[in-house]
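Read the structure below first, then the notes.
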Amino acid sequence: MRTKHVVVLPYDEKWKQDFIDIKKELSQALGGLAISIEHVGSTSVKGLAAKPIIDIDVVVKKERINNVILALKSIGYIHEGNLGIPGREAFAYEGKEYLQQHHLYVCPEDSLELKRHLAFRDYLRVHPEAVDEYSKIKVEAAKLYPEDIDKYIEHKASVIEKIYSVM
């Protein structure tokens, strides 16, 4: 599900409940297959401006990935492969209009991509000055490039790299 029009909104408390609603459905389908279901990305950080799309990482044991793919397929998710990013499997979906738009990834517990997502989220949760700086650049990028997700991503890259350098 590629973003076509970039919209960045102020933080919305509703995003916590949106994640809980999606997690509940995932948990029911996955049973004991998931080690954890993590709210990652900008909507998971209080006060951070974000595109209103919930990012979710389902953490699993590597040997259970095929079982997880089948379980997710049974509730309308479509496996898209890793989309060029090793350490995660991406999923699109159909028939989930009752849930907030979201990006779903399945990651083995030793995935570097998973560790990167969690470290970035956890750093921002305890560094409000980084949240302010990142919010400002995201809002600016969305205003400058509302129809070009690649330029939006490129514009905010320097702030992301700055945060990674101090984590």
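The values are calculated or read from the model by the stated rules, or taken from the named source; none is laboratory data. All figures in this text were calculated on a predicted structure; none of them were measured in a lab. All Cβ positions, glycine included, derive from the backbone under ideal geometry; neighbour counts span all protein chains shown.
Points to keep in mind about this one:
- Top-ranked residue of region 134-147 - restricted to ones that are touching a Phe, Trp or Tyr at 6+ places or on another chain (Cβ under 9 Å) and not in a helix (DSSP H, G or I), ranked as farthest from residue 4 (Cα to Cα): 145
- For the residues 45, 7, the requirement of being surrounded by fewer than 14 Cβ atoms within 10 Å (Cβ to Cβ), touching a residue at least 40 places away in the same chain (Cβ under 8 Å), β-branched (Val, Ile, Thr) and within 30 Å of residue 144 (Cβ to Cβ) singles out 7.
- Among the residues making up region 137-152, those that are of a type outside the set (Gly, Ala, Ser), surrounded by 13 or more Cβ atoms within 10 Å (Cβ to Cβ) and touching a residue at least 12 places away in the same chain (Cβ under 8 Å) are 137, 138, 139, 140, 145, 146, 148, 149, 152.
- Number of the condition not met by residue 43 [criteria: (1) part of a strand (DSSP E or B); (2) in contact with a Phe, Trp or Tyr (Cβ under 6 Å, 6 or more places away or on another chain)]: (1)
- Scanning region 115-136 for residues that are in contact (Cβ under 8 Å) with a residue 40 or more places away in the chain and either among the polar types (S, T, N, Q) or over 17 Å from residue 42 (Cβ atoms) (or both) yields one hit, 135.
- Residue check, residue 156 surrounded by 16 or more Cβ atoms within 10 Å (Cβ to Cβ), without any contact (Cβ under 8 Å) to a residue 24 or more places away in the chain and of a type in the set (D, E, K, R): yes
- Within region 148-167, the set of residues being modelled with pLDDT of 95 or more and not in a helix (DSSP H, G or I) is empty.
- Scanning region 67-85 for any residue that is under 24 Å from residue 163 (Cα atoms), free of Cβ contacts under 8 Å to residues at least 12 places away in the same chain and either loosely packed, with under 14 Cβ neighbours inside 10 Å or among the polar types (S, T, N, Q) (or both) turns up at least one such residue.
- Of all residues in region 106-120, those being touching a strand residue (DSSP E or B) at 6+ places or on another chain (Cβ under 7 Å) and either under 16 Å from residue 34 (Cβ atoms) or modelled with pLDDT of 95 or more (or both) number 7.
- With respect to the conditions (1) in a helix (DSSP H, G or I); (2) closer than 24 Å to residue 156 by Cα, residue 24 falls short on a single one, namely (2).
- Restricting region 16-42 to residues that are free of Cβ contacts under 8 Å to residues at least 24 places away in the same chain and β-branched (Val, Ile, Thr), the residue that is nearest to residue 74 (Cα to Cα): 37
- Residue in region 119-129 that is in a helix (DSSP H, G or I), surrounded by fewer than 18 Cβ atoms within 10 Å (Cβ to Cβ) and more than 18 Å from the chain's Cα centre (by Cα) present: yes
- Some residue of region 102-117 being exposed (fewer than 14 other Cβ atoms within 10 Å of the Cβ) and closer than 27 Å to residue 10 by Cα: yes
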